[in-house]
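The values are calculated or read from the model by the stated rules, or taken from the named source; none is laboratory data. Nothing here was measured: the structure is a model prediction, and the numbers come from that model. Cβ placement follows ideal geometry from the backbone for every residue including glycine, while neighbour counts extend to all protein chains displayed.
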Amino acid sequence: MSYLRSDKLSEECAVFGVSGSGGEAAGYVYNGLISLQHRGQEGAGIAALFGVSIETYKGKKLVGEVFDAETLDKLKGSNLAIGHARYLATAKRNRKSAVQPFVKEYLTGRLAVAYNGVLTNGAKIKSTLSKKGITFSSDSDSETISSLIAYKIIKQKNVENGIIEAVKILEGAFSLVIMSSQNKLFAVRDSRGYRPLCIGSDFRTTAISSESCALESCGLKFERDVAPGELVIIEDGKIAKSIFYKGEEESQKSSICVFEYVYFARPDSVIDGLSVYESRFNMGTALAKEWPCDADVVCGVPDSGLEAALGYSYKSGIPLVTGFIKNRYVGRSFIYPSQGQREHIVRIKLNPLTANVKGKKVVLVDDSIVRGTTCTRIISALRDAGAREVHMRVSSPPFVYTCHHGTDIGDEKNLIANKLSLEQIRVKIGADSLGYISVEGLKKACEKCNLDFCTYCFEKT
């Protein structure tokens, strides 16, 4: 993980599944995962069905590094495949056994599971299954889920009923794609809809994806989102059935993590009816209203601060300029051979465009401040480039609490807003002024989709 990225939030991963496709299911999944790479860069895998056998390839690298032409050629001919791109949150989980999809064999078949989120009762489920004689090879929630599903399938003597009974038990945030050796693809979203999941199709193929941008990249038409508490069953490239596994009367309005709109998702995605681009633009206009500034130019921190910067410029009338040139060829393997070079890593990944900021009062817009290390270096770099003043504006409220639903915020003691006041943070990062969007302003920016957002990390409610 790069030094620059270490002060950004990280989401738990991306899932993609395909049924149909004329034998090219794995290729669709590969392309889908490439489009979802922003959701996880530390591991990737694809599982494809051949007859009743499931072939799996996975590794601890970027999607394009795990799968070469020879590997993908081995997966040709399958009409059913699922895939996963993962962010490995801790060193404990930073091993190949934690990379998904996870394949499970049971008495009457096989299944593969790819999962996005975090279970709040995972340890309890694992303990219960262990007492029944089920063994585990990793600490992955995906293995826990696949083992529970296999156990319930055996008990119910039916794949569909087994999955329904299993997901009723799961608690927390989860979006699942499940592939069975009975040639069925299942899509499941938790009853609160914390994590996104959507459906796309063409005349012979139906796919499930964490984001709509990946469907479009595969030439598939976005159809709809999977609803909170919904189980969608797909056979031979068509939706065969849709049910609410806890009963439709118990399904709830989505409480999706608002950070999908702030940072996680690609701006060309539409989630639960709201354009991510539009929501970020609206965040910028809200910031301009809540935190006006006497400045010469506005610039955004690439990439997730750019749309909010555009909104700020539009509302304030302050010209928008390119503030940074981003080096897109610095990968995860970049080496920092000395402390001196580590101190200048921000210049390697983001270099200020001196012509646009020298002698100017700059409004700098970014999506978040977590620990404060990165924005401190970015502000310092702007000053080194000749910026006369730097006014920081942030399109998410201050992070105060640890997330329990899959966002890697870390220990609360490491959150700068948990221990410092607004003025203390301003001094710490070296800004001339500092303004965060309010929770109310953030919700209003996203009000078009009429959701009940999860904002626990901002206000613990």
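Tabulated results
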{"quantity": "Considering residues of the stretch 163-212 that are assigned to a helix (DSSP H, G or I) and in contact with a Leu (Cβ under 8 Å, 6 or more places away or on another chain) only, the residue nearest to Arg86 (Cα to Cα)", "calculated": "Val167"}
{"quantity": "Given (1) at pLDDT 90 or above; (2) more than 25 Å from Glu165 (Cβ to Cβ); (3) among the aliphatic types (A, V, I, L, M), index of the condition Ala112 fails", "calculated": "(2)"}
{"quantity": "Residue that is modelled with the highest pLDDT [pool: residues in the stretch 325-346 that are closer than 24 Å to Tyr263 by Cα and in contact with a helix residue (DSSP H, G or I) (Cβ under 8 Å, 6 or more places away or on another chain)]", "calculated": "Lys326"}
{"quantity": "Search result, residues across the stretch 359-376 that are touching a residue at least 60 places away in the same chain (Cβ under 8 Å) and either closer than 17 Å to Gln424 by Cα or polar (S, T, N, Q) (or both)", "calculated": "Ser368, Ile369, Val370, Arg371, Gly372, Thr373, Thr374, Cys375"}
{"quantity": "Condition met for Ala227 (modelled with pLDDT under 95, over 27 Å from Arg393 (Cα atoms) and of a type in the set (A, V, I, L, M))", "calculated": "yes"}
{"quantity": "Subset tally (residues that are assigned to a loop (DSSP other than H, G, I, E, B) and either touching a helix residue (DSSP H, G or I) at 6+ places or on another chain (Cβ under 8 Å) or crowded, with 20+ Cβ neighbours inside 10 Å (or both)) for the stretch 381-397", "calculated": "6"}
{"quantity": "Residues that are of a type in the set (Ser, Thr, Tyr) and either within 17 Å of the chain's Cα centre (by Cα) or modelled with pLDDT under 95 (or both), drawn from the stretch 1-29", "calculated": "Ser2, Tyr3, Ser6, Ser10, Ser21"}
{"quantity": "Subset of the stretch 430-460 [closer than 21 Å to Val270 by Cβ and at pLDDT 90 or above]", "calculated": "Leu442, Lys443, Lys444, Ala445, Cys446"}
{"quantity": "Yes/no for Ala173 being modelled with pLDDT under 95, more than 28 Å from Gly23 (Cβ to Cβ) and small (Gly, Ala, Ser)", "calculated": "yes"}
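Here is a yes/no grid of residues against (1) of a type outside the set (D, E, K, R); (2) over 27 Å from Pro352 (Cα atoms); (3) over 22 Å from the mean Cα position of the chain (by Cα); (4) surrounded by fewer than 18 Cβ atoms within 10 Å (Cβ to Cβ):
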{"site": "Cys218", "(1), (2), (3), (4)": "yes, yes, no, no"}
{"site": "Gly229", "(1), (2), (3), (4)": "yes, yes, no, no"}
{"site": "Phe244", "(1), (2), (3), (4)": "yes, yes, yes, yes"}
{"site": "Val258", "(1), (2), (3), (4)": "yes, yes, no, no"}
{"site": "Tyr263", "(1), (2), (3), (4)": "yes, no, no, no"}
{"site": "Asp268", "(1), (2), (3), (4)": "no, no, no, yes"}
{"site": "Cys293", "(1), (2), (3), (4)": "yes, no, yes, no"}
{"site": "Asp303", "(1), (2), (3), (4)": "no, no, no, yes"}
{"site": "Glu307", "(1), (2), (3), (4)": "no, no, no, no"}
